[in-house]
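Report on the structure given below.
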Amino acid sequence: MSMIARFVQIAPDLLTRLIIDPSLAPGLFQIDEAADGGPAGEIGLDAEHVAQDRAIRPQQNRPLGSHPACSIQPAMGAALSLEKAWHGVHYLLCGEPDAGRTILSQAILGGTEFGDDLGYGPARYFAQAKVSLTAREMAQAELETGMKARFDPVQMARAGIYPRLWTPTDAAWLMEEFRRLKNFYVEAGAGQFALVTCIV
């Protein structure tokens, strides 16, 4: 079974609600699937919640689905899936298989856990200030040079970097996925969004 990393931009007000009621977290990623052409998510919020969500913030960036049940949509921005590239990109950012203490080592595998297991652990969130800080770190001019130098298929396989089978041609794929993630963070920072992520 594949392990897929997903990210969603959300308004800080919605993040506060998710921390109070983590049961809403799975709905974020069901909406994300709808945006990628999959089935629309059923959030299951009542009319009072719908009214509150519509008052939170006007929708920004790419909309996440249009299903009437997606009642948290107005407080959300864009969604991103790194598919199977997530662990490889993480490794190129920091040279380690797990999250560490540096900002870049936290960008994919870090964040604060909340709620139930969604497949490979709970969802995790990054507050708006952390998103902006990470965006600045990712935008460093010299970062890509170090990432390209770190790409080593043999060493990555030994370190257990998912999906474990690496070839020299994968370097270009991982760098392209990194640029998508960087742009996602930069846009989230500019829009004053928090982020929620999970691996499913």
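The values are calculated or read from the model by the stated rules, or taken from the named source; none is laboratory data. Treat the numbers as computed from the prediction; the structure is a model and nothing was measured. Cβ atoms come from the backbone with ideal geometry, glycine included; neighbour counts cover every protein chain shown.
Odds and ends about this structure:
- Within region 146-182, the residues that satisfy the criterion of being within 13 Å of the chain's Cα centre (by Cα) and farther than 22 Å from L14 by Cα are E177, F178, R180, K182.
Quick grid of which residues meet (1) in contact with a Ser or Thr (Cβ under 7 Å, 6 or more places away or on another chain); (2) among the polar types (S, T, N, Q):
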position	(1), (2)
A107	yes, no
V131	no, no
R136	no, no
Q140	no, yes
A149	no, no
R164	no, no
F184	no, no
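To keep it simple, each residue is scored yes or no on (1) touching a residue at least 24 places away in the same chain (Cβ under 8 Å); (2) closer than 14 Å to H87 by Cα.
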site: A149; (1), (2): no, no
site: Q155; (1), (2): no, yes
site: A159; (1), (2): yes, yes
site: R179; (1), (2): no, no
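- Filter pass, L64 being at pLDDT below 95, more than 20 Å from the chain's Cα centre (by Cα) and in a loop (DSSP other than H, G, I, E, B): no
- Unmet criterion (only one of (1) touching a strand residue (DSSP E or B) at 6+ places or on another chain (Cβ under 7 Å); (2) crowded, with 20+ Cβ neighbours inside 10 Å; (3) modelled with pLDDT under 95) for D53: (1)
- Only a single criterion out of (1) touching an Asp or Glu at 6+ places or on another chain (Cβ under 8 Å); (2) crowded, with 20+ Cβ neighbours inside 10 Å; (3) of a type outside the set (A, V, I, L, M) is not satisfied by C198, namely (1).
- Pairs with Cβ under 8 Å, 6+ apart, first in region 103-122 and modelled with pLDDT of 95 or more, second among the polar types (S, T, N, Q) and not in a helix (DSSP H, G or I): I108/T197; G111/T197
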